[in-house]
Amino acid sequence: MLSLPSTSSSISRQKYDVFLSFSGEDTRNNFTDHLYDALKRSGIVTFRDDPKLEVGEEIEPELFKAIRQSWCSVIIFSKTYAFSGWCLEELAEIIKQKNNKDHKVFPIFYDVDPSNLRKQKEIVEKAFAKHEERYKEDKDKIRRWRNALTQVANIKGWHLNNRHETEFIGDIVKKISAKLCETFPVVHDGLVGIS
């Protein structure tokens, strides 16, 4: 596995190399936790919402700030992702950063079919029926969420496809490490005997 220097500064020169977007309900204590740990062990400075937010801080502005301060977002689409208004708000902000800046987006399809996200069928259709009922006065919000979901679902991503999670996570970390190194080459000044 490609290993980057483990320091507290990010490779991308942003505050964070990676912003993790996920539904805590079904991935916080398993897949997302293992991915976060693997990224951290590889020297990739990663933001996830639970330990980093200070008590008393407003969640939404802090999450949006963390997205803006990240080189990329890794979005873990799981069965409950589209049911979460918080996740969809994050997703809309991630797409805004992708479209306005050079923010990279890497989707992970964790036991979900990307075509269901793209076409907004099956479980995604059920999720949006609930959102439309809850936010019937805010059709703009629903439209933003739908557009963001469609845009990200059209990005080539990683599919679990019944693989072992440790192998899957290892591949993801390698690819993100390689992308970071390709975009931000590590320069070693002052090494003796190397020209």
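The values are calculated or read from the model by the stated rules, or taken from the named source; none is laboratory data. Small disclaimer: the values here were computed from a predicted structure and weren't measured. Because the Cβ atoms are built from the backbone with ideal geometry, glycine has one as well, and the counts that use them run over all protein chains shown. For the accessible areas, the whole protein counts, side chains as well, though only heavy atoms, and no ligand, DNA or RNA atoms are used. Shrake-Rupley method; radii C 1.70, N 1.55, O 1.52, S 1.80 Å.
Observations on the structure shown:
- Residues being touching a His at 6+ places or on another chain (Cβ under 7 Å) and in a helix (DSSP H, G or I) - total across the range 62-84: 0
- Comparison of D111, D50 shows that the only residue that is over 13 Å from the mean Cα position of the chain (by Cα), modelled with pLDDT under 95 and not in a helix (DSSP H, G or I) is D111.
- Filtering K101, K79 for residues that are at pLDDT below 95, among the charged types (D, E, K, R) and surrounded by 13 or more Cβ atoms within 10 Å (Cβ to Cβ) leaves a single hit, K79.
- Within the range 1-47, the residues that satisfy the criterion of being of a type in the set (K, R) and modelled with pLDDT of 95 or more are K40, R41.
- First in the range 57-75 and modelled with pLDDT of 95 or more, second anywhere and small (G, A, S) and buried (at least 22 other Cβ atoms within 10 Å of the Cβ), Cβ under 6 Å, 6 or more apart: S73/S21; I75/S21
- Contacts under 8 angstrom Cβ, first residue in the range 126-144 being closer than 13 Å to E89 by Cβ, partner acidic (D, E) and open to solvent by less than 100 Å² (accessible area, probe 1.4 Å), 6 or more apart: I142/E132
- Meets criteria (part of a helix (DSSP H, G or I), modelled with pLDDT of 90 or more and of a type outside the set (D, E)) for R144: yes
- Some residue of the range 160-170 being under 22 Å from N29 (Cβ atoms), in contact (Cβ under 8 Å) with a residue 12 or more places away in the chain, open to solvent by 70 Å² or more (accessible area, probe 1.4 Å) and of a type outside the set (D, E, K, R): yes
- The range 70-124, residues that are farther than 25 Å from I44 by Cα and of a type in the set (S, T, N, Q): T80, S84, S115, N116, Q120
- Scanning the range 147-175 for residues that are among the polar types (S, T, N, Q), part of a loop (DSSP other than H, G, I, E, B) and on the phi < 0 side of the Ramachandran plot yields a count of 1.
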